[in-house]
Amino acid sequence: MPPSDIPPPPSSPPPPPPATPQTQIVGQQSAPSTAVPHTPGLQPQGVGTAGQTNTLAMVSLGAAVGSFFAHIIPGLGGFTVALVAVITGYMARNQIKQTGESGWGMATAGMIIGIAHMIIIVLGVIVLVMIFIFGIALFGIAASHSSG
């Protein structure tokens, strides 16, 4: 058969019309739509890395050490600051378990120092109360012997 006698191939379906751009919703783009360069060193807030020290761990250790000097602040006192050290240390250790940040030792040290300081304060108050009671008893006995 001569080429002119060959029937044309069956027509294929027409190509689809060019795609119209879909409406973009903020935060759902597949590629960045701005020319702002990517900064690899920055992390979004709340996402920790293994090399980053947990902030609450630093607060815990700082509060634990500062609690020894906080006795000069009226109304605040060292006991309150030591309690803050223990609570923030506990919170920091929970965050470190979840995020993998560093600072486990700082948080633990803050908790231990805070607890030790609170024990020292409680024992000091107990000793002062005992001295007061012993003094009253001693002077009470002395007063009863001298007046009779």
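The values are calculated or read from the model by the stated rules, or taken from the named source; none is laboratory data. These figures come from a predicted structure and were not determined experimentally. Cβ atoms come from the backbone with ideal geometry, glycine included; neighbour counts cover every protein chain shown.
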(message) What's the number of the only condition in (1) touching a residue at least 40 places away in the same chain (Cβ under 8 Å); (2) not in a helix (DSSP H, G or I) that residue 121 fails to meet?
(response) (2)
(request) Kindly check whether there is at least one residue in region 91-107 that is of a type in the set (Ser, Thr, Tyr) and at pLDDT 95 or above. (result) no
(message) within 28 Å of residue 108 (Cα to Cα), at pLDDT below 60 and not in a helix (DSSP H, G or I): which single residue out of 32, 44 fits that description?
(response) 44
(message) Out of everything in region 48-84 that is assigned to a helix (DSSP H, G or I) and of a type in the set (S, T, N, Q), what residue ends up being nearest to residue 110 (Cα to Cα)?
(response) 60
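Rundown of residues vs (1) exposed (fewer than 10 other Cβ atoms within 10 Å of the Cβ); (2) modelled with pLDDT under 75, yes/no style:
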| site | (1), (2) |
| --- | --- |
| 3 | yes, yes |
| 28 | yes, yes |
| 48 | no, yes |
| 58 | no, no |
| 65 | no, no |
| 76 | no, no |
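To keep it simple, each residue is scored yes or no on (1) in contact with a helix residue (DSSP H, G or I) (Cβ under 7 Å, 6 or more places away or on another chain); (2) of a type in the set (S, T, N, Q).
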residue: 62; (1), (2): no, no
residue: 69; (1), (2): no, no
residue: 84; (1), (2): yes, no
residue: 98; (1), (2): no, yes
